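Trainee: Right, I'll just put the structure down here and ask away after.
Derivation of every value follows stated rules applied to the coordinates shown; laboratory data play no part. Every value quoted in this text rests on a predicted model; they were computed, and no experiment measured them. Quick reminder, even Gly has a Cβ in these numbers, built from the backbone with ideal geometry, and neighbours come from all protein chains shown.
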Amino acid sequence: MELLVEVKDLRVVAQSQDGSETPIVKDVSFNLAKGEVLALIGESGSGKTTIALSLLGYAREGCRLAGGSIRVGDTQVLELDAGGLRRLRGRTVAYIAQSAAAAFNPSRRLLEQIIESALIHGVLTRREAEARALQLFKELALPDPEQIGRRYPHQVSGGQLQRLMAAMALITDPTLVILDEPTTALDVTTQIEVLRVFKQVVRERGVTAIYVSHDLAVVAQMADRILVLNGGEVYENRRTERLLASARHPYTRSLLAAAQPEPLAERGLPTVETAAPVLEVKDLLAGYGPIGADGLPRYRVLEGIDLRIGAGQALGVIGESGSGKSTLARVIAGLLPPAQGSVRLGGELLPPGLDGRTREQFRRVQLVYQNADTALNPAHSVERILMRPLETYHAFDKATRQRKVRELLDRVQLPASLASRRPGELSGGQKQRVNLARALAAEPELILCDEVTSALDTVVGAAILDLLAELRRDLGLAYLFISHDISTVRSLCDEVLVLYAGQPVELGTPATLQHPPLHPYTELLTASVPALRQGWLEEQPIRTPVPLVSSPPASGRLCSFLQRCPVRLEGRCDRTPPRPQTLAGGNRILCHHDGETLQRLQGGTVLHSQGVRA
Amino acid sequence: MTRSVTPGRAAPVLPVDGKTLDTQLSPARTRRRARWSPTAIIGGLLVAFWLFIALFGVWLAPYDPSALGGAVLSGYSAAHPLGTDYLGRDVLSRILDGARFTVGLALIAAVLACALGSGLGLLAALSGRWVDEPLSRLIDALISMPSKITALVMVSAFGSSVPLLIVMAVVGYTPGCYRIARSLAMNLTELEYVQVARTRGEGRLYIAVVEMLPNMRLPLLTDLGLRFVYIVLLLSGMSFLGLGVQPPNADLGSLVRENIGGLADGAPAVLMPALAIGTLTVGVNLLIDRFGARRRGAR
């Protein structure tokens, strides 16, 4: 087979301020045949993006391409001058970035930006480029391909923008396409659509591509071959099916293991059935904006939330971005007073906002945020961060407090020598552990965990999950565990609440959420999580429903999932609000369908791709 | 979610199993110290020099700064290294004495303006709209008045005195500092560590002083330096117009003014005080640049 890309002994070094150089990519070599898709996989800091960028002849600020050779087609990339690089980029090698929203200029129309590189390189005339863009829009399954180019970036959805970015990359028919985590920022339900069209385009056009990702399951769908990287070195370079079946390197095995968290039962956690409730939320409504005539805010983020967490229990809350899950934590913590409904902590009613809550109430509920970078004050040492809750909530003397700090660090499996450091000197996983330790310092009953593992690498995130499970077992903590990742939630929680656009659409246990009948949204969410095997993507049915014929009446609490529901009943779902019902398995759902219908609809492998008429 | 390789951070160590990976200490990172660039060293030396003169200049002066004697507007000589002024007074002694006023007044005024501005800015950011809105509109009103004109009006209304000059500079420069402090603080209040502190039940004062102020320190210091320079120039300008520090005392601006007659002859009596103002402001600016550079390096 013809080798299209040859990378030999590539070395990239990072220069520190005192002039010393640290290698971040160490003598990496690999080849790519024409039409092949190679995945670069590894954690943050493994050098995967650095390698991908070096194929464009680009090194990030502070880095230098120090040695080796890169051949793309007939071009020796590292020998090019500035003019040669300009001709290479966007023409021979094209790049699709993680955040399409940041890659588009918000003040120019999409079509202008998409055909720009073809015009700059002079490969097509404007007329040809526009015709080609239209064809790409069709291939990428974009809605309204004739008109979508006239819109601005903010007028299309995140998944559409990512596909438009692919159109931008493919317009010059480049020799090599680099996709840098193209679906990482998307919701799973969107990710599957984007992956599907990417794969189709790659296959139909015979595109040679390098796919950078940290997600093995996604890579398994896309790549012919996988290159496992760690610390700038190649650990393994094998065909996808062989790597998944029998990983040779222990590091690859740890990656594979971390991609499949153990279910709850195997962690040996007690499932408390009738524990006294720690937290009870009743008929909660919260939102932003001016208060209307009915006394409710204009923009409702959460509506009709009822939940109950027993002592030592974990309730998972899942949903995609914008579903209101973080708002739920903010409301319980008192940062956003609810417009309606009540929050009870251990039976006593909590004041809606921060004002009026007692120190004891503050102590019993602790909030742990997703992003440990901004959750820890960069100006304070770890010791000071942990000391403050000890001072605020407990009457310990100084010696006891210092002992407690050491105990807390030990609890979260960090060495005591870390106490004098500042957050900026810690790794992402260490920061998240300090973040947890600060919450533990208060000796709370309930911890609100907002996406605590989402910003971490898979392996590090799995270690944090283990720690959370251990803390729960040892200290009897209750969690409200917010995540967008259903497998994470399943591995830690006793009960799971599924939110869609602020409505609680389903409440069930991890076990009952694995099988039908499910709420149609839960079903979509579960089915959209890529499995760690090849061919999964091809098995998935297309579930984009036809648009609603009649626009629903503006008032009333209709089902929030109506617009996207593949099994909605026209004439009923868009007319009357759904009623809560309990399924045979014990799940409570908010849907017009009964359990038997859902079972029948979801029982088969193929779901209806169009709305069902009542 | 940025997954980037930070230059200078060593590569992660191979985990033995998942658990130990992030509990391992990242190799000790030497605390990064930005090197002093040559311009920053010059700035630092100039600022140190003028602080020293402001503190001890009075005792170093070879003559009594108001003692008459010698020729009028003479050039450089062994007896009078920087010549004499229009009344035959020793210029070196007068500069050593005058620096006290320029540096001292400007420093006091700059520190007061920045303390007041930052305090109000934090208050506005941490309070609701009921405090923020009236305060911000009041500050907008103040900003809309040119500081020199305001100063002239105040001096003509109340007569020039040292306390008035300070009040004038503080009134003129607090609004700018307030704006900067408020916007810095507004960004910080959205950060999660501030929200966590709020849900811990911390008071506003604690959040402002302990959680937020340390993270605003560098930009505020830079701002302080800039305002110091502006105030030096404002006071010198006022003195040049005869509305600043009044005789027999004289700051550097007054020295330039009273010897303006020597300008045609290039008398050191007019050049040297001007040079003094120049080196002071340039020195502070060079030093500020160094703070700015260190901030960029730390990101």
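Trainee: Place a label point 7 angstrom from the Cα of A:Asp9 along the Cα-to-Cβ direction, then list the residues of the range A:44-88 whose backbone nitrogen is under 13 Å away.
Mentor: Residues A:66-70 qualify, since their backbone N sits under 13 Å from the label point.
Trainee: Calculated FRET efficiency, A:Arg401 and B:Met186, Cβ-Cβ r, R0 30 Å, to nearest 0.05?
Mentor: Efficiency at R0 = 30 Å is approximately 0.35.
Trainee: Checking a compactness column here: for the range B:158-299, what do you get for Rg(Cα) / (2.2 N^0.38 Å), N being the number of residues?
Mentor: Computed over Cα atoms of the range B:158-299, the ratio equals 1.42.
Trainee: Follow-up question, since we're still on this one. Can you give me the Cα centroid spacing of the range A:46-113 and the range B:38-73 in angstrom?
Mentor: 57 Å
Trainee: How far apart, in nanometres, would the label points at A:Arg205 and A:Gln581 be if each is projected 7 angstrom from Cα along the Cα-to-Cβ direction?
Mentor: Roughly 4.6 nm, to one decimal.
Trainee: Taking chain B as a Gaussian network, Cα atoms linked when under 10 Å apart, which of B:Ala54, B:Ala197, B:Ala267 shows the biggest mean-square fluctuation?
Mentor: Sorting by GNM fluctuation, first place goes to B:Ala197.
Trainee: Something else about it: Can you give the convex hull volume of the alpha carbon atoms of the protein assembly as shown per residue, in Å³? Please report the intermediate quantities before stating the final value.
Mentor: Values: hull volume 199.1 nm³, N = 913.
Value for the protein assembly as shown: 218 Å³ per residue.
Trainee: Provide a whole-number value for the mean count of partner chain Cβ atoms within 10 Å of the Cβ atoms in peptide B:187-194.
Mentor: That works out to 5 on average.
Trainee: Peptide A:371-379: average number of partner chain Cβ atoms within 10 Å per residue?
Mentor: On the way: counts 3, 2, 4, 8, 6, 4, 12, 5, 9.
The shielding value for this peptide is 6.
Trainee: Same structure, new question: How far apart, in nm, are two points set 7 Å out from the Cα along the Cα-to-Cβ line at A:Gln563 and at B:Gln246?
Mentor: 7.3 nm
Trainee: Calculated from DSSP H runs of 4 or more alone, at -39500 (n - 2.57) each and per residue, what is the 222 nm mean residue ellipticity of chain A, nearest 500?
Mentor: -9500 deg cm²/dmol
Trainee: Taking every residue in A:244-250, how many Cβ atoms of other protein chains lie within 10 Å of its Cβ, on average? Before the final figure, lay out each step's value.
Mentor: Details: counts 0, 0, 0, 0, 0, 1, 4.
Average neighbour count from other chains, rounded to a whole number: 1.
Trainee: Show me the ranking of peptides B:134-141, B:189-196 by mean Cβ neighbours inside 10 Å, starting with the highest.
Mentor: Averaged packing, sorted descending, gives the order B:189-196, B:134-141.
Trainee: To continue, here is another question. Quick one: what are the phi-derived ³J(HN,Hα) couplings along the range A:459-473, Karplus 6.51/-1.76/1.60 with θ = phi - 60°, whole Hz, x for glycine and proline?
Mentor: Computed from phi, the couplings for the range A:459-473 are 5, 5, x, 5, 5, 5, 4, 4, 4, 4, 5, 5, 4, 5, 5 Hz.
Trainee: Which of the residue pairs A:Lys34/A:Lys138; A:Lys282/A:Lys325; A:Lys398/A:Lys431; A:Lys26/A:Lys199; A:Lys48/A:Lys138 have a Cα-Cα distance greater than 21 Å in the structure shown?
Mentor: Those over the limit are A:Lys34/A:Lys138; A:Lys398/A:Lys431; A:Lys26/A:Lys199; A:Lys48/A:Lys138.
Trainee: Throw me the Rg/Rh for the range A:1-149, computed over C-alpha atoms with Kirkwood Rh, two decimals.
Mentor: We get a ratio of 1.02 for the range A:1-149.
Trainee: So, one more: Amide H neighbours of A:Glu233 under 5 Å, counting only residues 5+ apart in sequence or on other chains, H built in-plane at 1.01 Å?
Mentor: The answer is A:Lys26.
Trainee: Can you give the Kirkwood hydrodynamic radius of the range B:37-298 from its Cα pairs, in Å with one decimal?
Mentor: 20.1 Å
Trainee: So for each of A:310-319, A:288-297 I average, over its residues, the number of other beta carbons within 10 Å; can you give me the resulting order with the highest mean first?
Mentor: So the order, starting with the most tightly packed, is A:310-319, A:288-297.
Trainee: Any chance you could check the Cα centroid distance between the range A:129-161 and the range A:371-447 for me, in angstrom?
Mentor: Value for the Cα centre distance between the two parts: 49 Å.
Trainee: What fraction of the DSSP beta bridges in the range A:264-512 is antiparallel, stated in percent and rounded to the nearest 5?
Mentor: Of the beta bridges lying entirely in the range A:264-512, close to 55 percent run antiparallel.
Trainee: Follow-up. For B:Val282 and A:Arg572, what does the FRET efficiency come to when R0 = 56 Å and r is the distance between their Cβ atoms, rounded to the nearest 0.05?
Mentor: On the way: r = 78 Å, r/R0 = 1.39.
Result of the calculation: an efficiency of 0.10.
Trainee: How large is ³J(HN,Hα) for each residue in the range A:175-191, as worked out from phi by the Karplus curve 6.51 cos²θ - 1.76 cosθ + 1.60 (θ = phi - 60°), to whole Hz, x for Gly and Pro?
Mentor: The phi angles translate into 5, 9, 10, 10, 10, 9, 6, x, 10, 4, 8, 9, 5, 4, 5, 7, 4 Hz.
Trainee: Given H placed 1.01 Å from N in the peptide plane, which residues other than close sequence neighbours of A:Gln340 have an amide H under 5 Å from its amide H?
Mentor: Distant-sequence amide H within range of A:Gln340: A:Leu285.
Trainee: For A:Gly316, which sequence-distant residues (separation of 5 or more, or a different chain) have an amide H within less than 5 Å of its own amide H, given hydrogens modelled in the peptide plane?
Mentor: A:Phe481, A:Asp494, A:Glu495, A:Val496, A:Leu497
Trainee: Also, I was wondering about something else. Please turn the phi angles of the range A:311-319 into ³J(HN,Hα) values with the Karplus equation 6.51 cos²θ - 1.76 cosθ + 1.60 (θ = phi - 60°), one per residue in order, whole Hz, x for glycine and proline.
Mentor: Calculated HN-Hα couplings, in order: 4, x, 9, 10, 10, x, 10, 10, x Hz.
Trainee: If you don't mind, there's one more thing I want to ask. Using a Förster distance of 22 angstrom, determine the FRET efficiency expected from the C-beta separation of B:Ala48 and B:Asp289, and round it to 0.05.
Mentor: E between B:Ala48 and B:Asp289, to the nearest 0.05, is 0.85.
Trainee: Per residue, how much space in cubic angstrom lies within the convex hull of the C-alpha atoms of the range A:264-512? Don't skip to the end; give the middle numbers.
Mentor: Details: hull volume 32.3 nm³, N = 249.
Considering the Cα atoms of the range A:264-512, their hull volume per residue is 130 Å³.
Trainee: Nearest 5 is fine: what % of DSSP beta bridges in chain A come out antiparallel, could you say? Please report the intermediate quantities before stating the final value.
Mentor: Working: 51 of 89 bridges.
So the antiparallel bridges amount to about 55 percent of the total.
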